[in-house]
Amino acid sequence: MKQALHFGGGSIGIGFIADLLHESNYEVTIVDIDQELVSQINETETFDLYLINEGYKKKQLTHIHGLSSIEDQSEIIEKISTTDLLTTAVWAENLPKIAPVLLEGLKRRVALGEKRVNILACENAMFNSEILRKAILALDSSAAEWLDGIAAFPNTAVDRMVLASEHGGKKTIDIGRDHELVIEESKLVDPANKPIKDAVYTTNLKKYIERKLYVVNCGHAWAGYMGFVDGYSIIQDVFHDEELVSMIRETMWESAHLLMEKHGFTEEDMTDYIDFIMARYQTSGIKDWITRVSRSPIRKLQPEERLVGPCVQCEELGLKNERLLEGIAAAFLFDNPADEQSIEILVFVAEHGIDEAIVHFTKIPLESRLHPVIKNNYQKFLEKKEKA
């Protein structure tokens, strides 16, 4: 049986990536910091998923093992040196944290004379696997001499509805039927040898990444930040507020028109895609907190990210971006004491003011037409929240 080593035991990690690996006939080892999860997996060498669209029918992953990222470092290094495939789903900002053990494992792989391996970072970020490659090189500049000879780093785009759940006192994950894992075919070790079944392989990954990031993630982020301004705490309630639903669709269409212009998607393509996404977010019987959906606002306000990226590009092409500008403004008001990035933004605004904060976090300059619009939206939403 083929071997896969996967970093990240969260909902995407097990509910999407490990599920696809299982369907592709891999024996999967999950690396995670959560010792309770690792112990649960190793107790039966199984993990249970529940299919949302099929009345929560149970699907069991088998031939699955767990390793602690804290306790089992030597075993992880050994696995890296021999495994057939490496994947991650740890959140993009955590990729540098797993780089040290990957560096050691790949060094050992070289020493053993093992074959070149694909490393797929399945994170919601542009050029995700390249981020991981750079994090490894940042630890040891001499690795530039051998890294690409032992590992390939195809970028990916990931999309599936996954929700952490619990059954019988054990961690489980509820999963949506529809999914999309897109892999950069030209960067694979062997483009003719597709490592994961049911993935989409493309030579134009950017097209798919931007469709996911600028429509799905953008609409979700907009709903979370604007929903927070309106006093909601559960994201599904936002997607059942008719006025907000209309605005979310308008936001998605602002990005969709950009993608039609850039990548040649048709209006029918984008209509079907947006309808599919909205139906997913309005699926009955699920509950997801806005604090989870809206977490890591600093990352989500970066220039290439889900809100600022399409907004600035729409401006450059003379396309509408009014709703996108609202979402950017609302992100500066997200207040979650448990979220370090939320705290950092709020402290920065308090110390430096919103003008400087907009420039600092979005890189949108003070002289841009967009800047005062974001500021005016921010002040309007701030007053709305204070009155609530």
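When the Kirkwood radius is taken over all Cα pairs of the chain, what Stokes-Einstein diffusion coefficient follows at 10 °C and 1.306 mPa s, in µm²/s?
D = 72 µm²/s.
If you wrap a convex hull around the Cα atoms of the range 2-203, how much volume per residue is inside, in Å³?
Hull volume over Cα atoms, normalised by residue count, gives 109 Å³.
Using 29 Å as the Cα-Cα cut-off, could you pick out the over-long pairs in Lys58/Lys300; Lys262/Lys300; Lys134/Lys207; Lys59/Lys197; Lys320/Lys375; Lys107/Lys212?
Lys58/Lys300; Lys107/Lys212
Compare the Cα positions of Phe361, Asn42, Ile175 along the charge dipole of the chain (+1 at Cβ of Lys, Arg; -1 at Cβ of Asp, Glu; about the Cα centre) and return the one farthest towards the positive end.
Comparing the listed Cα positions along the dipole, Asn42 ranks first.
Do any trypsin sites (Lys or Arg not before Pro) in the range 229-290 lie in a DSSP loop with no more than 15 other beta carbon atoms within 10 Å, and if so, which?
Lys287
Given 37 °C and 0.692 mPa s, compute D for the range 285-367 with the Stokes-Einstein relation, Rh being the Kirkwood radius over Cα pairs; round to the nearest whole µm²/s.
244 µm²/s
State the extension gain, in nm to one decimal, for the chain segment bounded by Lys58 and Glu316, taking 0.36 nm per residue of separation less the distance between their alpha-carbons.
Here the segment from Lys58 to Glu316 would lengthen by 88.1 nm.
Work out Dmax and Rg for the range 192-258 from the C-alpha atoms and quote the Rg first, both in angstrom.
15.7, 51
Can you send over the carbon and sulfur percentage of the accessible area for the chain, probe radius 1.4 Å, protein chains only?
Values: 8070 of 16610 Å².
Carbon and sulfur atoms account for 49 percent of the accessible area of the chain.
Can you give the Rg to Rh ratio for the range 206-387, taking only C-alpha atoms and Rh from Kirkwood? Numbers along the way, then the final one.
On the way: Rg = 15.5 Å, Rh = 16.3 Å.
So for the range 206-387, dividing Rg by the Kirkwood Rh gives 0.95.
Under 11 Å from the Cβ of Trp91, count the other residues' Cβ atoms, weight Lys and Arg +1, Asp and Glu -1, and hand me the total.
Taking every other residue near Trp91 into account, the sum is +1.
Given a 1.4 Å probe, how much area per residue of the chain is accessible, in Å²?
Spelled out: the 1.4 Å probe surface of the chain, per residue, equals 43 Å².
I'd like the per residue volume of the convex hull spanned by the Cα atoms of the range 5-89, given in cubic angstrom.
85 Å³
Report for the chain the percent antiparallel among DSSP-assigned beta bridges with both residues inside it, nearest 5.
Values: 18 of 45 bridges.
Around 40 percent antiparallel, to the nearest 5.
The values are calculated or read from the model by the stated rules, or taken from the named source; none is laboratory data. If you're wondering where the values come from, they're calculated on a predicted model, not measured in any experiment. Using ideal geometry, Cβ is built from the backbone for each residue, glycine included, and neighbour counts are taken over all protein chains shown. Areas reflect the complete protein model, heavy atoms only, side chains present, ligands, DNA and RNA absent. Shrake-Rupley method; radii C 1.70, N 1.55, O 1.52, S 1.80 Å.
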